[in-house]
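Student: The structure follows.
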Amino acid sequence: MDAKALKIESARAALAHVEDGMRLGIGTGSTAEEFVKLLAEQVAAGLNVIGVPTSERTAALCVELGVPLSTLDETPELDLTIDGADEIDPDLSLVKGGGGALLREKIVASASDRMIVIADETKLVDMLGRFPLPIEVNRFGLKATELEIAAGAYLLGLDGPLKLRMTRDGPFVTDGGHLIIDASFGRIPDAIALSDVLHAIPGVVEHGLFLGLADLAIVAGPRGIRELTAAL
């Protein structure tokens, strides 16, 4: 199977966990988009769900395909969030934010009773850090925030380039109007400590370490689907 086929298979397996009447958090990214397409087919066939999208991009796709939507203000408690990830470790700690929606993704996941992560097996790692860590930051004081991130990471033995995410038209801007710094720290032995350090920096809005949020990972590979729970 190619990468797209694997994404479709993991999304299809996740759909089996969706029950009639559920309030769903719907993620962002290429794998989540495959889930939306499959979900829309079930909605057209009579499945009754309400979705809360984690990005404007996902919302637009849901509207296009006929998936009923709400907002987190209207529906503040969700039954299940299904989303992709850039990295998944054996404890189901995640790195997310490659698509730039990490703040809304984390808010929606935190409002959900359960979170299922869908991915192909290339996203599995023994330790987080292979993928650059997205850090959503305020525009004001950008350079000062960058220096604080570097200093805090250094205290944890982490080093590596910090790169402001760019597009052809200038800095990438999130749905919330913020910027993203991609931090190439390499392997992160203590993700909890790094999370604490980053949250203590005033200019950091949120980071892409999703710790203790995922309950199940549905991972597709050439040999089929695996459902992974956190290692003990």
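The values are calculated or read from the model by the stated rules, or taken from the named source; none is laboratory data. The structure presented is a predicted model; accordingly, all values stated were derived computationally and were not measured. Positions of Cβ are generated from backbone atoms using ideal geometry, with glycine treated the same way; all protein chains shown enter the neighbour counts. Each accessible area value is taken on the protein alone, full model and side chains, heavy atoms only, with ligands, DNA and RNA left out. Shrake-Rupley method; radii C 1.70, N 1.55, O 1.52, S 1.80 Å.
Student: Residue by residue through the stretch 33-68, note down the ones that are open to solvent by 60 Å² or more (accessible area, probe 1.4 Å) and under 10 Å from ARG23 (Cα atoms).
Tutor: ASN48
Student: A further question follows. Which condition number does GLY51 fail, the rest of (1) free of Cβ contacts under 8 Å to residues at least 60 places away in the same chain; (2) in contact with an Asp or Glu (Cβ under 9 Å, 6 or more places away or on another chain) being met?
Tutor: (2)
Student: Among the residues of the stretch 1-29, what is the count of those that are small (Gly, Ala, Ser), exposed (fewer than 14 other Cβ atoms within 10 Å of the Cβ) and under 21 Å from LEU228 (Cβ atoms)?
Tutor: Number of matching residues: 3.
Student: Do you know which residues across the stretch 60-76 are within 19 Å of SER110 (Cα to Cα) and touching a strand residue (DSSP E or B) at 6+ places or on another chain (Cβ under 7 Å)?
Tutor: Hits for the stretch 60-76 are LEU69, SER70, THR71, LEU72, THR75.
Per-residue answers, yes or no, for (1) buried (at least 21 other Cβ atoms within 10 Å of the Cβ); (2) part of a helix (DSSP H, G or I):
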site	(1), (2)
ILE116	yes, no
THR122	no, yes
PHE131	no, no
ALA144	no, yes
TYR154	no, yes
GLY157	no, no
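Student: What number of residues within the stretch 72-89 satisfy the criterion of being in a strand (DSSP E or B) and surrounded by fewer than 23 Cβ atoms within 10 Å (Cβ to Cβ)?
Tutor: Number of matching residues: 2.
Student: Enumerate the pairs (first residue in the stretch 117-129 and closer than 15 Å to PHE210 by Cβ; second residue anywhere and surrounded by fewer than 21 Cβ atoms within 10 Å (Cβ to Cβ) and among the hydroxyl-bearing types (Ser, Thr, Tyr)) with beta-carbon separation below 9 Å, excluding pairs fewer than 6 apart on the same chain, so at least 6 apart or on different chains.
Tutor: Between residues of the stretch 117-129 that are closer than 15 Å to PHE210 by Cβ and residues that are surrounded by fewer than 21 Cβ atoms within 10 Å (Cβ to Cβ) and among the hydroxyl-bearing types (Ser, Thr, Tyr), the close pairs are GLY129/SER184.
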